[in-house]
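The values are calculated or read from the model by the stated rules, or taken from the named source; none is laboratory data. Quick caveat, the model's predicted, so the values are computed rather than measured. Glycine gets a Cβ as well: all are built from the backbone with ideal geometry, and neighbour counts include every protein chain shown. In case anyone asks, the SASA skips ligands and DNA or RNA and just uses the protein heavy atoms, side chains included. Shrake-Rupley method; radii C 1.70, N 1.55, O 1.52, S 1.80 Å.
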Amino acid sequence: MAGIGVKLNHIFEKKSVFSSLVGFTYSTIATVAPMILVIANIILMGWLLGLNQSTYLTREIFFCTILYIFIFALLTASPFNAVLSKYMQDAIFEERYQDILPCYYLGLSFNIVLSCLLGIPFCLWEHFIGGVSVFYVFTGFCGYISLVLVFYSMIYLSICKDYQKISLYFLVGMVITLLLSLILKFLFRWEVTISILFSLMVGFFFIAAMEFATIKRYFVKNSNRYKEVLKYFGKWWKLVVCNFLYILGLYIHNFVFWATDMRIVVVKSFVCNQPYDMATCIAMFTNISATVIFIARIEMHFHEKYRAYSESVIGGKWTDINNAKRRMFRTVSNELMSLVRVQFIISVVVYLLCIVLLPQYGFGGMVMRIYPCMAAGYFILFLMYAAILFLYYYNDLTGAVLTTLSFCAVTFLGSVFATGLSEIWYGLGVLLGAFAGWSIAYARLRYVERNLDRDTFCRWQLLDRGKGKMPSSVVYQKDGGGQKGRRGGGRWKQAES
C-alpha cells in the first residue's frame, strides 16, 4: 500500500477532529471500500426486490452461490498474486514497463485455467446432479470468472497506487448492478435471485473491463518476455506458498465445520454451515478496522523510518546505520502495540453492539454463542497479518512461510478438535491458529532485528554462481624445471582455468 502515506500525513497534519475523520475515511476507501460496497449492494438489492418473499430453497441456492463465488475466487487467485506483484514491482523499479503486459497476460491465463479446473466440474455437478437450470448455473459461473478477473486486475492497480480508481470502479459497477436488477425484476419480470445474480455478473464484468482498460492505458508496449515471468515462480516460490496458506487458513476452519453434522446440503451440491459461517462473517467485520488502522499508520510512520535506514546503508556512517536501525525497529514495536490498543477498544465496542443489537434482527442463538471466541480469534489474526507484512518488508520469506504454515495447520487441527466441544468453543481453531502464527511471526521479527546487519552486509556474494565444468584447482605451475626467472625464482605462468 505504499503511496498513501504522503496523502495521509497531509490530512492528519491539521490535527483536528474533522481531519481525523477525513483521514479515516480516506484510509477506508483505499483498503476495504470495495468489499463494503459489494456487501451493502447485495443487501440493498435483496431488500428492494423482496428476496425474503422467495422460497427457502431458492434463497439457499442463491446465498450458497454467492458464498462459493467469493471464497473460491480468492483461493484460485492466491497462488499467483504475490509473485506477480513482486515481478511487477521489480519491473517498475528497473523501468522495464514493456514487461508488465507479459506478466499480466501470463498470470491471467494461469488464474483463469485454475479457476475453470475447479469451477467447471462443480457447475456440471450442480446441473446434472443438483438439477439446477442451465441458465442459473452458467450465470453463476460467469459471475465467478468475472470476480476472478476483478481480483486479479486489482493487484496491478494497487501497485500503481490507483486505490481511488479501484473504489470508483466498484461504485460504478455496483450502481450498474443495482439498476439492472431493478429493470430485470420489475420490467422483465425475472425471478428475484436470478435478477440479482445476473446483475452481479454484469457488474463484476464492467469492473474488470474498466480495470483492464486502465492497465492497458498505463502500459502500452509488450516485450513478449514470458519466460522471465515463469522464472519468478521458481525463484520466489515462497511467496506462492505463503499467500496461498494464508488465504486457505482464512477458510479452512469453515471447511472443517462444513463436514460436521451441522452442515446443510443444498441441491446435492452446495455445503455450508449457516450459524458458523454467519458468526465468522460478524467476527471478521468486528475486527476489519484493524486493516484500515494498520495500513494508515504503517504508511505514515514506519515507511519513512524504513527508507531512512535504507538510505543510511547506502552512504551513511556506522553510527548513523545503527541509529536508523534502532529507530526503525522501535517504530515496528510501537506500531504493533498501538494497533493492539486501538483495535482492542474498537473490537470491544463493536462486540457489545453486536451482542445487544443483532439478536433483535434475528441473529441470535447459536450464532451469538459461536461469535465471542471467533471474534477473539480474528482479533489476533489481523495482528498476525500485520506482522507478516513487516516480514515482507525485511524479505524474510522463510519466516512468512513458517507463520502461515503454522496458522493454517493449527487452525485446521484446532477446528477438528473444536467440533467435539460445546458451541461456545467452536472458534477455538481460529484462536489457536492465529495465536500460533502471531507467535512465530513475532519471534521471526526479533530474529530479523538481531541479524539485520549480517543479512544486509554479508548475505550477497561478490561472484555470481554458475553451472558448468569445474575449473582446474592448479593456479600456477613452473615453466620447465630449474629455469630461473628474473628475480632468481622459477619462472611461473598462469594455468588455464
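Just so you know, the averaged projected area of the alpha carbon convex hull for segment 43-120 sits at 7.3 nm². A Cβ-based charge dipole, computed about the Cα centre of the chain with Lys and Arg at +1 and Asp and Glu at -1, lands at about 2200 debye. What the phi angles of segment 36-49 give under the Karplus curve with 6.51, -1.76 and 1.60, with θ = phi - 60°, is a coupling list of 5, 4, 5, 5, 4, 5, 5, 5, 5, 5, x, 6, 6, 8 Hz, glycine and proline written as x. For the chain, the 222 nm mean residue ellipticity estimated from helices alone, with every DSSP H stretch of n ≥ 4 adding -39500 (n - 2.57) and the total spread over all residues, rounds to -26000 deg cm²/dmol.
Compute the acute angle (0 to 90°) between the alpha-carbon long axis of helix 274-287 and the principal axis of greatest extent of the alpha-carbon atoms of the chain; round to the nearest 10°. The angle comes out at about 60 degrees.
Within the chain, the longest run free of exposed loop sites, counting chymotrypsin sites (Phe, Trp or Tyr not before Pro) that sit outside DSSP helix and strand states (H, G, I, E, B) and have at most 14 other Cβ atoms within 10 Å, spans 189-459.
Across the alpha-carbon atoms of segment 117-220, the computed radius of gyration and Dmax are 15.7, 46 angstrom.
A cut-off under 13 angstrom between Cβ atoms defines the neighbours of LEU57, and their net charge, with Lys, Arg +1 and Asp, Glu -1, is 0. The alpha carbon convex hull volume per residue for segment 236-379 rounds to 143 Å³.
Between the residues TYR68, LEU381, MET35, the greatest Cα displacement towards the positive end of the dipole of the chain, with unit charges on the Cβ of Lys, Arg, Asp and Glu, is found for LEU381. Pairs LYS165/LYS238; LYS86/LYS165; LYS227/LYS467; LYS86/LYS221; LYS317/LYS467: which exceed 26 Å Cα-Cα? Cα-Cα > 26 Å for LYS165/LYS238; LYS317/LYS467; rest within. Taking every alpha-carbon pair in the chain and binning the separations at 10 Å intervals from zero gives 4, 15, 25, 26, 15, 7, 3, 2, 2, 1, 0 percent. For the chain, the solvent-accessible area of protein heavy atoms averages 52 Å² per residue (probe radius 1.4 Å; ligands and nucleic acids excluded). Over segment 19-159, how many percent of alpha carbon pairs lie in each 10 Å bin up to the one with the longest distance? P(r) over segment 19-159, rounded to whole percents: 10, 31, 30, 20, 8, 1.
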